[in-house]
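Student: Starting off with a structure, shown below.
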Amino acid sequence: MLKSAIAQTVQFLKEAGIEVEPIIAATGFQRVKLLDQAVDAILVNDATKKRFVNVSNTVNRIFKAILPDKEANEFVPLCSLFRAIQLKIDSLQPEGDVSQVMEKVEELLDESITAKGYVIREPVTSYGWSQHSTDLIPEITISKFPQVRIS
């Protein structure tokens, strides 16, 4: 399964004009230059970028799933290359500006926390229990046991 995903990613990169073997073999500034060229070729449009990120993520997930299998060692150079390209692409993406959203959240919090003015109403009149007959209120007796009897 990993071999298939890697083959698919290598094929995608070939279609984009990127050869993986020279990048893996290169060192130092030559490798940086080849990685930058690969990133430029992938970022030619959003569809190409999305497709590469998709196939690269697939390879990365499968690779992590088979670890720590010793047979995974043969795939380290290619998986590392795909991950390096993806990290370079991610580093070029501008960070989102959330300042406007944060201002709106602060305004909503301020509105919900701010105390509203108190309204003082007229006092409630008593219901006048003393005017009613006490015959309607049952007599309560308490026995030795913790029971309440209503007669």
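Student: Among residues belonging to the range 6-21 that are polar (S, T, N, Q) and in contact (Cβ under 8 Å) with a residue 12 or more places away in the chain, point out the one that is surrounded by the fewest Cβ atoms within 10 Å (Cβ to Cβ).
Tutor: Across the range 6-21, the extreme among qualifying residues is Q8.
Student: Go through the range 22-32 residue by residue and tally those that are among the polar types (S, T, N, Q) and either in a helix (DSSP H, G or I) or surrounded by 12 or more Cβ atoms within 10 Å (Cβ to Cβ) (or both).
Tutor: The total comes to 1.
Student: May I ask you to list the residues in the range 38-67 that are in a helix (DSSP H, G or I) and either over 31 Å from the mean Cα position of the chain (by Cα) or of a type in the set (V, I, T) (or both)? Spell out the reasoning first.
Tutor: Filtering the range 38-67 for residues in a helix (DSSP H, G or I) gives 38-42, 46-66.
Selection gives V39, I42, T48, V53, V55, T58, V59, I62, I66.
Yes or no, residue by residue, for (1) farther than 23 Å from E21 by Cα; (2) modelled with pLDDT of 70 or more; (3) surrounded by fewer than 10 Cβ atoms within 10 Å (Cβ to Cβ):
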position	(1), (2), (3)
T48	no, yes, no
V59	no, yes, no
F75	no, yes, no
E106	yes, yes, no
E111	yes, no, yes
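The values are calculated or read from the model by the stated rules, or taken from the named source; none is laboratory data. Just so you know, these numbers come straight off a predicted model, no measurement behind them. Methodologically, a virtual Cβ is constructed for each residue, glycine included, from the backbone with ideal geometry; neighbour enumeration extends over all protein chains shown.
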